[in-house]
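Here's the structure we're looking at; comments come further down.
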Amino acid sequence: MIKIQQNYESKINIYPLFKNNLILEKTQGILNNLINKDLFTGEKNTLFHTSTHLGNELVHHIFIGLGDSSDNYMEILRSGIANACKKANTLKEKDVVIQVPNSIINGEALENISTAITLSTYSFNKYQSKKKDSTIEEYILVGNGLDNFKKNIDEGVLLGEMTILSRELANEPGDVINPETLAVSAISLGDSSGFKVDVYDRKKIEKLRMNAFLAVSNGSSYEPQLIVMEYMGNQGGEVLGLVGKGITFDSGGLSLKPANSMLTMQGDMSGASSVIAAMGAIASMKLPVNVIAVVAACDNSVSSRSYRPNDILTSRSGKTIFITNTDAEGRLTLIDALDYILTEKNVDKVVDIATLTGAAEVALGQKIAAVITNNDEFMNELNNAANDTGERVWELPHDDDFMKLIETPYADLNNSGGRFAGTITAGLFLGSVVGNTPWLHIDIAGPSWSEDSDGYFSKGATGFGTRLLYKLVKNTILI
Ligand code: BES
Ligand code: ZN
Ligand code: ZN
């Protein structure tokens, strides 16, 4: 719970400070002491914790270094605030004051502070008997004129909460979040935040001729679910389409994954969970935009009914696909979802987001998503959104030449292109049904997952894409 106060005494005080502006009226004594001893300089990404005595009690002071105020400090701020809050949560107090200096009293900074506070307490620990639950119940922001930024604070909290929702869905095991429970989660979020949800079962999916999607679902006893979400906040305006990869567990199918590679594959619906969570944020904020989102949810499992290598599928678009690897399943569900949203829903622009290729992680590491696009302007908009949220993206080349890698003598497309340029060929595979509609394909295999709990991350799913898609949508109304 975040509150605003003019003045408040707490046993824990957090001070975010720029190195070129180390001024802190109330605690200048302590600060000068640290500066003299070179213990705190305000250097970016530093944290210093010290305590003083007040009678028998300890008062804690946590200093956050924000670096130079003329740099883009938002990521440093998010990370620093979250780390300071995590520290505060080990001190067994019920409240904490964040002393906000004038230099960061602006809408953007306060929104980000609120997101960081909200995310700092999350970890996927609900199945642990002895939880290290946070003790802090109130985060009190103290500073000049904070009342003017209540909306930004609420928006920041909402974005934190929706990111947590996305993480939670992706962290839950594959039997807890299966296609049906994923659909139920979308329905209940739609109810609470105000967007419409339709869920179609196998029969309807067959009628829609989404045969590539159906083939992937065949090996599992979980029924596939086509989840369609609509939020129309701008009658007559352009419609943006969002498509999220929703494989609730990816065993690899008959082209079975090695044991270790399978370990995080309950999170193979991270694209879907971020799309669903972004819809929650967009609808809750009642943004004047139109968004239709589609998730083709299924489980990629192994049985005698599994689709196989050497199968030839006819996708909804009519393009035929030769299967060389059943572990390249995401593009099969997505090619049908994209064709559905383009031809049935007639969206004007479309974004798909997917944990699609291990190759993306090899190329760009675990912090940056790979992007394939057919539209520079749309890419610029994505770069701007990424700049706002710190969810980094990087465009890869996609000249027609790469198409050779997914050619086959047996069908129109090969579902896997082998070792080279794996992220690009996966993207081009999807692009083959998109035509000229402005399109962004975001491969989040790397940044959907975090190995450690630094800053506003927790070990496990990151919810990458939730804030990014929200900003991408929101920024279009500011232009
Ligand atoms: N879900 C995986 C991709 C993935 C890998 C996501 C690591 C997150 C972390 C995807 O379905 C897959 O298995 N892709 C194959 C494609 C290959 C067979 C062409 C891959 O990346 O190896
Ligand atoms: Zn796979
Ligand atoms: Zn997958």
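Out of LEU334, LEU356, LEU342, report the one residue that is closer than 29 Å to VAL197 by Cβ, open to solvent by less than 30 Å² (accessible area, probe 1.4 Å) and more than 16 Å from ligand 3 (Cβ to nearest atom).
LEU342
Out of THR52, THR27, THR46, which single residue is surrounded by 14 or more Cβ atoms within 10 Å (Cβ to Cβ) and either at pLDDT below 95 or hydrophobic (A, V, I, L, M, F, W, C) (or both)?
Going through THR52, THR27, THR46 in turn, just one is surrounded by 14 or more Cβ atoms within 10 Å (Cβ to Cβ) and either at pLDDT below 95 or hydrophobic (A, V, I, L, M, F, W, C) (or both): THR27.
Among the strands (runs of 3 or more DSSP E) confined wholly to the range 285-346, which include 2 or more residues that are closer than 17 Å to VAL275 by Cα, away from ligand 2 (no atom under 16 Å from the Cβ) and touching a strand residue (DSSP E or B) at 6+ places or on another chain (Cβ under 6 Å)?
Those strands (runs of 3 or more DSSP E) span 290-300.
Do we have any residue at all in the range 70-81 that's assigned by TED's automatic domain parsing to the domain that holds TYR122, of a type in the set (Lys, Arg), within 29 Å of ALA386 (Cβ to Cβ) and open to solvent by less than 50 Å² (accessible area, probe 1.4 Å)? Give the derivation first.
Keep residues of the range 70-81 that are assigned by TED's automatic domain parsing to the domain that holds TYR122, which gives 70-81.
Those left that are additionally of a type in the set (Lys, Arg): 78.
Among the residues that remain, those that are also within 29 Å of ALA386 (Cβ to Cβ) are: 78.
So of that shortlist, the ones also open to solvent by less than 50 Å² (accessible area, probe 1.4 Å) come out as 78.
Within the range 70-81, one or more residues are assigned by TED's automatic domain parsing to the domain that holds TYR122, of a type in the set (Lys, Arg), within 29 Å of ALA386 (Cβ to Cβ) and open to solvent by less than 50 Å² (accessible area, probe 1.4 Å).
In the range 192-211, is there at least one residue being in a helix (DSSP H, G or I), of a type outside the set (Gly, Ala, Ser) and touching a Gly at 6+ places or on another chain (Cβ under 8 Å)?
Taking the range 192-211 and keeping what is in a helix (DSSP H, G or I), we get 192-193, 202-207, 211.
Checking the rest, the ones that are also of a type outside the set (Gly, Ala, Ser) come to 202-207, 211.
Restricting the remaining residues to those that are touching a Gly at 6+ places or on another chain (Cβ under 8 Å) gives none.
Scanning the range 192-211, I find no residue that is in a helix (DSSP H, G or I), of a type outside the set (Gly, Ala, Ser) and touching a Gly at 6+ places or on another chain (Cβ under 8 Å), so the answer is no.
Residue by residue through the range 126-141, note down the ones that are charged (D, E, K, R) and either under 30 Å from ASN106 (Cβ atoms) or touching a helix residue (DSSP H, G or I) at 6+ places or on another chain (Cβ under 9 Å) (or both).
Result: LYS126, GLU137, GLU138.
On the basis of being surrounded by fewer than 24 Cβ atoms within 10 Å (Cβ to Cβ), aliphatic (A, V, I, L, M) and on the phi > 0 side of the Ramachandran plot, does ALA421 make the cut?
Judged against the criteria, ALA421 is a match.
Can you name the residue in the range 282-299 that is closer than 13 Å to MET229 by Cβ and in contact with a Ser or Thr (Cβ under 7 Å, 6 or more places away or on another chain) and is also surrounded by the fewest Cβ atoms within 10 Å (Cβ to Cβ) among such residues?
The first filter runs over the range 282-299 and keeps only residues closer than 13 Å to MET229 by Cβ, leaving 282-283, 290-297.
Filter once more, so that each one left must be in contact with a Ser or Thr (Cβ under 7 Å, 6 or more places away or on another chain): 283, 296-297.
Working: ALA283: 21, ALA296: 33, ALA297: 31.
Looking at residues that are closer than 13 Å to MET229 by Cβ and in contact with a Ser or Thr (Cβ under 7 Å, 6 or more places away or on another chain), I get ALA283.
Considering each residue of the range 163-191, count those that are aliphatic (A, V, I, L, M) and under 20 Å from ALA445 (Cα atoms), and give that number.
Count: 6.
Can you give me the number of residues within the range 261-284 that are within 13 Å of ligand 2 (Cβ to nearest atom), assigned to a helix (DSSP H, G or I) and among the hydrophobic types (A, V, I, L, M, F, W, C)?
The total comes to 2.
Among the residues of the range 227-260, write down those that are open to solvent by 30 Å² or more (accessible area, probe 1.4 Å), within 13 Å of VAL473 (Cα to Cα) and not in a loop (DSSP other than H, G, I, E, B).
MET232
Within the range 202-218, which residues are open to solvent by less than 10 Å² (accessible area, probe 1.4 Å) and not hydrophobic (A, V, I, L, M, F, W, C)?
SER217 - this is the single residue of the range 202-218 that is open to solvent by less than 10 Å² (accessible area, probe 1.4 Å) and not hydrophobic (A, V, I, L, M, F, W, C).
Which is assigned to a helix (DSSP H, G or I), buried (at least 20 other Cβ atoms within 10 Å of the Cβ) and at pLDDT 95 or above, of ALA370, ALA445, ALA385?
After applying the criteria, what remains is ALA385.
Please go through the range 236-260 and give me each residue that is without any contact (Cβ under 8 Å) to a residue 24 or more places away in the chain and on the phi < 0 side of the Ramachandran plot, ordered by number.
Correct list: PRO258, ALA259, ASN260.
Consider the range 422-463. How many of its residues are more than 17 Å from GLY244 (Cα to Cα) and β-branched (Val, Ile, Thr)?
Going through the range 422-463, the residues more than 17 Å from GLY244 (Cα to Cα) turn out to be 422, 424-425, 432, 435-437, 450-460.
Now restrict to residues that are β-branched (Val, Ile, Thr): 424-425, 437.
Of the residues in the range 422-463, 3 are more than 17 Å from GLY244 (Cα to Cα) and β-branched (Val, Ile, Thr).
Can you find, within the range 322-331, the residue that is nearest to ligand 3 (Cβ to nearest atom) among those that are over 20 Å from the mean Cα position of the chain (by Cα) and open to solvent by less than 30 Å² (accessible area, probe 1.4 Å)? If you could, list the steps in order and put the result at the bottom.
Let us first name the residues in the range 322-331 that are over 20 Å from the mean Cα position of the chain (by Cα), namely 322-329.
Pick out the ones that are also open to solvent by less than 30 Å² (accessible area, probe 1.4 Å) and you get 322-323, 326, 328-329.
Values: PHE322: 19, ILE323: 14, THR326: 10, ALA328: 8, GLU329: 6 Å.
Only one residue tops the list, namely GLU329.
Filter the range 458-472 for residues that are among the charged types (D, E, K, R) and surrounded by fewer than 24 Cβ atoms within 10 Å (Cβ to Cβ) and give the result.
LYS459, LYS471 - these are the residues of the range 458-472 that are among the charged types (D, E, K, R) and surrounded by fewer than 24 Cβ atoms within 10 Å (Cβ to Cβ).
The values are calculated or read from the model by the stated rules, or taken from the named source; none is laboratory data. The structure presented is a predicted model; accordingly, all values stated were derived computationally and were not measured. Here the Cβ is made from the backbone with ideal geometry for all residues, glycine too, and neighbour counts use every protein chain on show. Please note that ligands, DNA and RNA were not included when accessible areas were found on the heavy atoms of the full protein model with its side chains. Shrake-Rupley method; radii C 1.70, N 1.55, O 1.52, S 1.80 Å.
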